Amino acid sequence: MPQRASLQSRFAVIVTVIATGIMIIACFAEYALGTLGPVLGKEMGISTSFVGILTSVMFASAGVASLPTGWVVDRFSASVLVLIQILLSTVAFAALAFLETSRAFLVVVVITGLIMAMSNPLTNRLVRVHLPAALHVRSVGWKSMGPQMAALLAGIVYGLSAHGISWRALTLVIAVGMAAFGVLSFVLIRRPVMPETDCPSAAAADEPDLPQETRPIVWWLVPFGFFSGGAIASIGAYIPLYAYQDLRMSFVQASAAGAVIALASIVGRVLWLRFLTYDNGPVLLIKASVSSAVAVALLAVSVGLHPVVFWTAVVLTGATALVMAPLTQIIVVRNASARHIGVASAWVGIGLYAGFAFQPWLVASLIDTVGLAYSWYAVSASGMIAALIMAAYVTSNAKRRTQALPCPAATAAVVDHVSS
C-alpha cells in the first residue's frame, strides 16, 4: 500500500506538470504578441489596435475549433493528444520568428487559435480521469496558472530584447524547449504507473460523488466566460502597450507590467482557492468579478496620477480578474460527466474564447475614438455583467432547491400515517 500511494502521488505530480505545461505552451503566443507590441510597431509598423485584433482573431479561431476538439478529446488517447497538442503549438509559435508582414501574423494567429482550442478540454480530461477527486483542486489550480506563467515568462524573456538580443532568436530558443517538453510528456504519460481504470476517480468519504451527468452550472459558465474571459484577454493584450504609450514608461517597465500582473494572479489564485469549497464556487466567482471590475476601473484612472496608482491597479487586477480561470475550470471538472468532459469543457471554452475574441476587438475599436485609458471602462463593465450572470444562477438554483423540498405539512401527514 505505501508503494501504491507513492506511485499515485508521483503520477499526480506528473499529470499536474504536464497539464500546466500544456497551458503555458498553448497561451505563450498570446502574451508574446502583447509584450512585443512596441517592437512590432517599430519593425513592421503594426499598430496598437492591430495587436488587439490579432488577439481577437486567435481566440475567435479557438472558439470555432472548440467543439470538434472537445469531441476528439473524449474519444482518443490522451497521451497521443498531449504530444500532438504540444508539437503543433511549438511549430505555430516558432513560425513567429520568420514573419515579416501583418498578413503573415494574421495567418499564424488563426492557426495558433485552432491548436489552442484543445488545451482546456485535454487538460481537464487528464485531471478528471487520472486523479482522485481530492486532488482536483490542487491540480486544476496549478494548470490554470499556465496562462499567467506564460505571461510572466514572456515579460521576462522578451524584456531581454531591449538589451540587444533578437526577439526572433529568443522565439526559436523557446520553441526548442517546448518541443523537448512535448516529447518528455508523451513518454511519461504513457508509462502504465497508474492507468485510468486503476486510479480512483471517486471523492473521499467527506466529499460528494462526482456526477454521472453534467450539472446545470456548467452551462451557466458559458455566458459567464464570455464576459469574464474578455477581461483576461484585454489585460493580456493591452497592459504593456498602455504602460508604454499612455503612461510613457520604458519598454523594460512596460514588459515588467505584464510580468507583475501575472505574478499577482499566481499569488491571488492560491489565496482564492483556499476559500473554495464544493458549494461556494459560484459565490466566489461573483466576488472575483465585482473585485475585478473595481480594479480595472482604477487602472483607467491611473493616467496622470502617481505611478504607484498604476502599479497598485496592476497588482489588484492580476489578483482578481485573472483568478476566475481556475475557479471556472474546477467547477467544470467537478460538475461535468467524465464521459463527456471534453465536450462540456469545449462549450465553456466557446463562451470563453468568444469573450477573448470580442473584447480585445471592442477595446481596439474604442482606442481610436476615446483612447486606451477610457477603453478600460468597457472591460470594467464586462466584469460587472459576469457577476450579474452568476448571481442569476445562484438565485435560480436557490429557488429550484426550495421548490424541490417536500412540503412540511405533507411530510408530517405521511409520518403520521406510517406511525399509525
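Condition test on V176, is it modelled with pLDDT under 90 and either surrounded by fewer than 18 Cβ atoms within 10 Å (Cβ to Cβ) or under 30 Å from W311 (Cα atoms) (or both)? Step through it out loud before you land on a result.
Details: modelled with pLDDT under 90: no; either surrounded by fewer than 18 Cβ atoms within 10 Å (Cβ to Cβ) or under 30 Å from W311 (Cα atoms) (or both): yes.
Answer is no for this residue.
So which of I46, I18 ends up being surrounded by fewer than 24 Cβ atoms within 10 Å (Cβ to Cβ), in contact (Cβ under 8 Å) with a residue 12 or more places away in the chain and aliphatic (A, V, I, L, M)?
Numbers: I18 fails: surrounded by fewer than 24 Cβ atoms within 10 Å (Cβ to Cβ).
Step by step, each of I46, I18 is checked, and only I46 is surrounded by fewer than 24 Cβ atoms within 10 Å (Cβ to Cβ), in contact (Cβ under 8 Å) with a residue 12 or more places away in the chain and aliphatic (A, V, I, L, M).
Kindly indicate whether any position in the stretch 62-69 is of a type in the set (S, T, Y), modelled with pLDDT of 80 or more, farther than 15 Å from T101 by Cβ and part of a helix (DSSP H, G or I). Within the stretch 62-69 (the criterion being of a type in the set (S, T, Y), modelled with pLDDT of 80 or more, farther than 15 Å from T101 by Cβ and part of a helix (DSSP H, G or I)), the answer is yes, since at least one residue qualifies. Among the residues here, S291 qualifies as open to solvent by 10 Å² or more (accessible area, probe 1.4 Å) and either within 23 Å of W220 (Cβ to Cβ) or not in a helix (DSSP H, G or I) (or both).
When you check R248 against the structure, is it of a type outside the set (A, V, I, L, M), closer than 19 Å to L305 by Cβ and without any contact (Cβ under 8 Å) to a residue 12 or more places away in the chain, yes or no? Break it down into steps so the answer makes sense when it comes.
Values: of a type outside the set (A, V, I, L, M): yes; closer than 19 Å to L305 by Cβ: yes; without any contact (Cβ under 8 Å) to a residue 12 or more places away in the chain: yes.
So R248 fits the description; yes.
Consider I165 carefully, then state whether it is of a type outside the set (D, E, K, R) and assigned to a helix (DSSP H, G or I). Answer is no for this residue. Here the condition is being open to solvent by less than 20 Å² (accessible area, probe 1.4 Å), of a type in the set (F, W, Y), at pLDDT 90 or above and over 24 Å from A134 (Cα atoms); of F181, F224, it holds for F224 alone.
Within the stretch 329-345, the set of residues being farther than 15 Å from S119 by Cα and among the polar types (S, T, N, Q) comprises N335, S337. Taking the stretch 301-342 as the range and being surrounded by fewer than 18 Cβ atoms within 10 Å (Cβ to Cβ) and of a type in the set (S, T, Y) as the test, the residues that pass are T312, S337. Scanning the stretch 258-285 for residues that are part of a helix (DSSP H, G or I), loosely packed, with under 15 Cβ neighbours inside 10 Å and not aliphatic (A, V, I, L, M) yields a single hit, R274.
Just one of the numbered conditions (1) of a type outside the set (V, I, T); (2) within 11 Å of I261 (Cα to Cα); (3) out of contact with any helix residue (DSSP H, G or I) (no Cβ under 9 Å at 6 or more places or on another chain) is not true of L322: (3).
Would you confirm whether or not the stretch 142-151 contains a residue that is among the hydrophobic types (A, V, I, L, M, F, W, C), open to solvent by 50 Å² or more (accessible area, probe 1.4 Å) and in a helix (DSSP H, G or I)? For the stretch 142-151, residues among the hydrophobic types (A, V, I, L, M, F, W, C), open to solvent by 50 Å² or more (accessible area, probe 1.4 Å) and in a helix (DSSP H, G or I): present. Under the condition of being open to solvent by 40 Å² or more (accessible area, probe 1.4 Å) and farther than 16 Å from G113 by Cα, the residues counted in the stretch 347-377 number 8.
Looking only at the stretch 76-94, which residues are within 17 Å of A32 (Cβ to Cβ) and either open to solvent by less than 30 Å² (accessible area, probe 1.4 Å) or in contact with a Gly (Cβ under 7 Å, 6 or more places away or on another chain) (or both)? Answer for the stretch 76-94, where residues must be within 17 Å of A32 (Cβ to Cβ) and either open to solvent by less than 30 Å² (accessible area, probe 1.4 Å) or in contact with a Gly (Cβ under 7 Å, 6 or more places away or on another chain) (or both): I86, S89, T90, A92, F93, A94. Taken over the stretch 115-141, the criterion of being open to solvent by 10 Å² or more (accessible area, probe 1.4 Å) and part of a loop (DSSP other than H, G, I, E, B) is satisfied by M118, P132.
So which of T101, T112 ends up being open to solvent by 10 Å² or more (accessible area, probe 1.4 Å), hydroxyl-bearing (S, T, Y) and within 13 Å of E30 (Cβ to Cβ)? Explain how you work it out, then say what you get.
On the way: T101 fails: within 13 Å of E30 (Cβ to Cβ).
Of the residues listed, the single one that is open to solvent by 10 Å² or more (accessible area, probe 1.4 Å), hydroxyl-bearing (S, T, Y) and within 13 Å of E30 (Cβ to Cβ) is T112.
The values are calculated or read from the model by the stated rules, or taken from the named source; none is laboratory data. Computed from a prediction, not measured in an experiment: that's the story for all the values here. Reconstructed Cβ throughout: ideal geometry from the backbone, glycine too, with neighbour counts over all protein chains shown. For accessibility, only protein heavy atoms count, side chains too; no ligands or nucleic acids. Shrake-Rupley method; radii C 1.70, N 1.55, O 1.52, S 1.80 Å.
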